[in-house]
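A short worksheet on the structure shown next.
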Amino acid sequence: MSPAVSGDEETGIHCRLDELLAERGLTLTKLSELVGVSLVNLSVLKNDRARAIRFSTLRAICEVLDCEVGDLLVVDRA
């Protein structure tokens, strides 16, 4: 079975972490502390470079930001 995404291929998924942080007046550093995920890993997610995300991480981010998964991750139809 071949991987769903290979090389530099785009996933078509956009992470709205920047917008959600701005709306809530939080920094990526503060979110990192609250969620218990490294700043580097959150930065990768924020910049749409993540290949995968653990459900536990996704849930923790959504709990801290008081949002749903669909508020954080959206399909980029552009």
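Please count how many residues of region 37-71 are of a type outside the set (Asp, Glu), assigned to a loop (DSSP other than H, G, I, E, B) and touching a Ser or Thr at 6+ places or on another chain (Cβ under 9 Å). Can you show your working first?
The initial filter retains those residues of region 37-71 that are of a type outside the set (Asp, Glu), namely 37-47, 49-62, 64-65, 67, 69-70.
With assigned to a loop (DSSP other than H, G, I, E, B) added as a condition, the list becomes 37-38, 47, 49-54, 67.
Okay, now just the ones that are also touching a Ser or Thr at 6+ places or on another chain (Cβ under 9 Å), so 37-38, 49-51.
Count: 5.
Restricting the first member to region 64-78 and to residues that are touching a residue at least 60 places away in the same chain (Cβ under 8 Å) and over 18 Å from residue 34 (Cβ atoms), and the second to residues that are surrounded by 10 or more Cβ atoms within 10 Å (Cβ to Cβ) and of a type in the set (D, E, K, R), the beta-carbon pairs closer than 8 Å and six or more apart or on different chains are 73/16; 74/16. In a residue-by-residue description of region 3-24, the property of being more than 25 Å from residue 77 (Cα to Cα), at pLDDT 95 or above and assigned to a loop (DSSP other than H, G, I, E, B) applies to no position. Selection of first residues in region 15-42 that are charged (D, E, K, R) and of second residues that are at pLDDT 95 or above and part of a helix (DSSP H, G or I), restricted to Cβ pairs under 7 Å at least 6 apart or on distinct chains, gives the following pairs, ordered by first then second residue: 16/71; 16/72; 18/46; 24/65. Residues in region 20-64 that are among the small types (Gly, Ala, Ser), closer than 19 Å to residue 10 by Cα and surrounded by fewer than 11 Cβ atoms within 10 Å (Cβ to Cβ): 52 only.
The values are calculated or read from the model by the stated rules, or taken from the named source; none is laboratory data. Keep in mind that this is a model prediction, so the values were computed, not measured. In this analysis, Cβ positions are derived from the backbone assuming ideal geometry, glycine residues included, and neighbour counts consider all displayed protein chains.
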